[in-house]
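Asks: Got a structure for you, questions after.
The values are calculated or read from the model by the stated rules, or taken from the named source; none is laboratory data. Just so you know, these numbers come straight off a predicted model, no measurement behind them. A quick note on method: Cβ atoms are made from the backbone with ideal geometry, for glycine too, and the neighbour counts reach across all protein chains shown. When the accessible area is computed, the model is the full protein with side chains, heavy atoms only, and any ligands, DNA or RNA have been set aside. Shrake-Rupley method; radii C 1.70, N 1.55, O 1.52, S 1.80 Å.
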Amino acid sequence: MHYSLLLCIVLVLVVSMLVMLGQKLRISYPIFLVLGGLALSFIPGLPSVTIDPDLIFLIFLPPLLFEAAWLTSWKAFWKFRRVITMLAFGLVLITSSVVAVVSTALIPGFTLALGFLLGAIISPPDAVAATSVLKDINIPKPLTQILEGESLVNDASSLIVFRFALAAILTGTFTWQTAAVDFVLVTVMGIAIGLGIALIIYAMYRWLPTTTSIDIALSFVAPYLMYLAAESFHFSGVMAVVSGGLFLSYHSHVTLSPQSRLQGYAMWNTITFILNGLVFMLIGLEMPEIMRNLGDYSKGQAIFYGIIISLVIIVTRILTAFGISAFTTFISRYIHVAQSKPGWRGPLVIGWAGMRGVVSLASALSIPLLLDNKDPFPYRSLILCITFIVILVTLVLQGLTLPWVIRLVGLDKVEPAVSEQEQEAKIHQHLLNAAIDLLESQYTELMKQQPMLQSLHKQLSNDLQLTRNFLEAEDCNEKERHSTLVYNSIYLELLGTQRDRLFQLRGKDLFEDELIRKIEGQLDIEQEKITRESGHPGH
């Protein structure tokens, strides 16, 4: 027990150090962690690492999916629902079929059922890998929203195909009609169970006297309840978590207090960072152990098969993305679509952003050692090895070159119709107008008697004027824009001075530490607001 705890602590420390180094080298942390884990695995005397698939499916996957669903824009998800559906379901089926045909022709003795199994394992791209690469690159927001939406659903579709292919191998029977009906049933019932549990948690949030700590604890328990409930009935746990997470996120403005939201975001950011970091680190650490257990195949053969199949799924994804683009252009003549002319640059980037990761790893490791008749599962070690090579090739090759591809096609120079800063300022303007209108319509007489209300009205009016100045500066000359930036810079400096003085007051017996921490939190929130508006670094 002590050894396991110590190992986890050491891994978290190593992950943190490698992420910091990756940031310094401007390399996306999933790529750097896999390479770092692979390098560490060759250190003499280091114990071999074997990952339990239940650890991924039961411990890691539910919270990672829930956090991704929570942060997904339902509005964007619905807007691009057709493209997301074609990528999440159509592309998974196409990739599984193409891999089945190619692997059967490439690997002697490999059956079509085994090919579908391998295709289902390596079909879903990893959400974290793509978004971590894209977060520091200026690309059109719709591309990121489509990739995030796809990654929410394709895990479920690939795991369902994996389940059917595995059942066909174990039982020796397979019928398309039954599989199609079961596919729909598993998906729909998974969504229903997720929404049912989400409604229960929603009711607890709304009508029970929960505290901030209880709110956060419920949000942490929710994805596990959804996943385990669905899986216990043999329905899709992934779809349960995704649907439940989207529902609770959409209603969070009425179910959670401001303090619960602020503390919850901080907690979830930390948890997902640790879980994602550990998973990608473990992928690299496990690679040599997989290569040592290849059985009848040499390392050279396994690497050759893995590289060929990696190239196949890369080409398949790019061609499918172009096909979806062409279909969207065609169907836009008859129905309304979000983008009637997607062009070729966006589909190319979507096609190239197909890095594999966590779900592929867990699926491959969950293949049983024995068939129902107690014979060894055929080609299990080779499938594991090919999966790890595909993860490594797509993460490193596509992950490192994705920024270059974006710059090559010029998508980094495409400016949105309205910048995020301008949108934020306009939202802020609407909120300030609403607050001022309320004061002036309902509390006019009270304002004349209450100096504090007069001060509040003046502060809101000043904030509104500053916001208008910022919006005007967006359309005016550089001098006015510069004055807004200077204001934000000086304001940040004033907050820094206040923080220094607060630290001095902490050493005096006149003030309680609890109050000092409370005011420090208020300064932190104010600084975060100005930092977001100005683009200044946080430190």
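Asks: Could you grab me the full set of residues in region 290-317 that are buried (at least 17 other Cβ atoms within 10 Å of the Cβ) and over 30 Å from Pro376 (Cα atoms)?
Replies: Ile314, Thr316, Arg317
Asks: Residues Leu453, Leu494, Leu510: which one is modelled with pLDDT under 80, more than 32 Å from the chain's Cα centre (by Cα), among the aliphatic types (A, V, I, L, M) and surrounded by fewer than 16 Cβ atoms within 10 Å (Cβ to Cβ)?
Replies: Exactly one residue qualifies, and that residue is Leu510.
Asks: Sort out which residues of region 215-255 are buried (at least 23 other Cβ atoms within 10 Å of the Cβ) and polar (S, T, N, Q), and write them in order of number.
Replies: Across region 215-255, the qualifying residues are Ser219, Ser236, Ser243.
Asks: Next up: Would you say Val186 is assigned to a helix (DSSP H, G or I), touching a residue at least 40 places away in the same chain (Cβ under 8 Å) and either more than 30 Å from Trp404 (Cβ to Cβ) or touching a Cys at 6+ places or on another chain (Cβ under 7 Å) (or both)?
Replies: So Val186 fits the description; yes.
Asks: Which of the residues that make up region 48-75 are of a type in the set (A, V, I, L, M, F, W, C), buried (at least 18 other Cβ atoms within 10 Å of the Cβ) and in contact with a Ser or Thr (Cβ under 9 Å, 6 or more places away or on another chain)?
Replies: Val49, Ile56, Phe57, Leu64, Phe66, Ala68, Ala69, Trp70
Asks: So Val221 fits all but one of (1) out of contact with any helix residue (DSSP H, G or I) (no Cβ under 8 Å at 6 or more places or on another chain); (2) under 30 Å from Leu46 (Cβ atoms); (3) of a type outside the set (Gly, Ala, Ser); what number is the exception?
Replies: All conditions are met except number (2).
Conditions (1) touching a Pro at 6+ places or on another chain (Cβ under 9 Å); (2) not β-branched (Val, Ile, Thr), marked per residue:
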residue	(1), (2)
Pro30	no, yes
Gly45	no, yes
Ile51	no, no
Gly90	no, yes
Val101	no, no
Phe110	yes, yes
Gly115	no, yes
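Asks: Taking into account only those residues within region 513-525 that are of a type outside the set (Val, Ile, Thr) and more than 34 Å from the chain's Cα centre (by Cα), which is most open to solvent (accessible area, probe 1.4 Å)?
Replies: Going through the qualifying residues, I end up with Glu514.
Asks: Still on this structure, please answer the following. Please tell me if Thr328 is part of a helix (DSSP H, G or I), touching a helix residue (DSSP H, G or I) at 6+ places or on another chain (Cβ under 9 Å), under 22 Å from Pro403 (Cα atoms) and open to solvent by less than 50 Å² (accessible area, probe 1.4 Å).
Replies: No.
Asks: Conditions first: (1) at pLDDT 80 or above; (2) open to solvent by 100 Å² or more (accessible area, probe 1.4 Å); (3) under 32 Å from the mean Cα position of the chain (by Cα). Arg501 passes all but one, so which condition is the exception?
Replies: (3)
Asks: A further question follows. Would a scan of region 266-289 turn up a residue that is more than 20 Å from the chain's Cα centre (by Cα), surrounded by fewer than 19 Cβ atoms within 10 Å (Cβ to Cβ) and over 30 Å from Pro347 (Cβ atoms)?
Replies: Yes, region 266-289 contains a residue that is more than 20 Å from the chain's Cα centre (by Cα), surrounded by fewer than 19 Cβ atoms within 10 Å (Cβ to Cβ) and over 30 Å from Pro347 (Cβ atoms).
Asks: Count, please, the residues in region 97-117 that happen to be among the hydroxyl-bearing types (Ser, Thr, Tyr) and within 15 Å of Gly306 (Cα to Cα).
Replies: Looking only at region 97-117, we keep the residues that are among the hydroxyl-bearing types (Ser, Thr, Tyr), and these are 97, 103-104, 111.
Still in the running and within 15 Å of Gly306 (Cα to Cα): 103-104.
Adding up the residues that qualify gives 2.
Asks: If Leu225 meets every condition in (1) part of a helix (DSSP H, G or I); (2) modelled with pLDDT under 95 apart from one, which number is that one?
Replies: The number of the failed condition is (2).
Asks: Only one of (1) closer than 25 Å to Ile122 by Cβ; (2) part of a helix (DSSP H, G or I) fails for Phe247. Which number is that?
Replies: For Phe247, the exception is condition (1).
Asks: Taking Ala88, is it of a type in the set (Gly, Ala, Ser), within 24 Å of Tyr224 (Cα to Cα) and at pLDDT 80 or above?
Replies: Criteria met by Ala88.
Asks: Moving on to the next point. Modelled with pLDDT under 85, surrounded by 18 or more Cβ atoms within 10 Å (Cβ to Cβ) and either within 30 Å of Gly115 (Cβ to Cβ) or of a type outside the set (Gly, Ala, Ser) (or both): does that describe Val418?
Replies: no
Asks: Further, regarding this structure: Here is a list: Tyr265, Tyr305. Which entry is without any contact (Cβ under 8 Å) to a residue 12 or more places away in the chain, part of a helix (DSSP H, G or I) and among the aromatic types (Phe, Trp, Tyr)? Steps first, answer last, please.
Replies: Details: Tyr305 fails: without any contact (Cβ under 8 Å) to a residue 12 or more places away in the chain.
Every option except Tyr265 fails the conditions.
Asks: Which residue out of Ser16, Ser28 is within 19 Å of Ile271 (Cβ to Cβ) and either within 20 Å of the chain's Cα centre (by Cα) or open to solvent by 100 Å² or more (accessible area, probe 1.4 Å) (or both)?
Replies: Ser16
Asks: Among the residues of region 333-364, how many are at pLDDT 85 or above and open to solvent by less than 20 Å² (accessible area, probe 1.4 Å)?
Replies: Residues meeting the conditions: 12.
Asks: Moving on to the next point. Within region 31-81, can you find the residues that are under 19 Å from the mean Cα position of the chain (by Cα) and among the polar types (S, T, N, Q)?
Replies: Those that are under 19 Å from the mean Cα position of the chain (by Cα) and among the polar types (S, T, N, Q): Thr72, Ser73.
Asks: To continue, here is another question. With Val49, Val19, Val15, Val34 as the choices, which residue is at pLDDT below 85, of a type in the set (Val, Ile, Thr) and under 27 Å from Leu384 (Cα atoms)?
Replies: Numbers: Val19 fails: at pLDDT below 85; Val15 fails: at pLDDT below 85; Val34 fails: at pLDDT below 85.
The match here is Val49.
Asks: Sticking with this one: What is the one condition in (1) at pLDDT below 90; (2) within 24 Å of Gly190 (Cα to Cα); (3) among the aliphatic types (A, V, I, L, M) that Met291 does not satisfy?
Replies: Tallying (1) at pLDDT below 90; (2) within 24 Å of Gly190 (Cα to Cα); (3) among the aliphatic types (A, V, I, L, M), Met291 fails exactly one: (2).
Asks: If we keep just the residues of region 313-331 that are β-branched (Val, Ile, Thr) and within 25 Å of the chain's Cα centre (by Cα), which is nearest to Arg81 (Cα to Cα)?
Replies: Looking at residues that are β-branched (Val, Ile, Thr) and within 25 Å of the chain's Cα centre (by Cα), I get Ile324.
Asks: Quick one: would you say Ala130 is hydrophobic (A, V, I, L, M, F, W, C) and closer than 29 Å to Phe377 by Cβ?
Replies: No.
Asks: Which of (1) crowded, with 21+ Cβ neighbours inside 10 Å; (2) touching a Ser or Thr at 6+ places or on another chain (Cβ under 6 Å); (3) hydrophobic (A, V, I, L, M, F, W, C) does Phe89 not meet, given it meets every other one?
Replies: (1)
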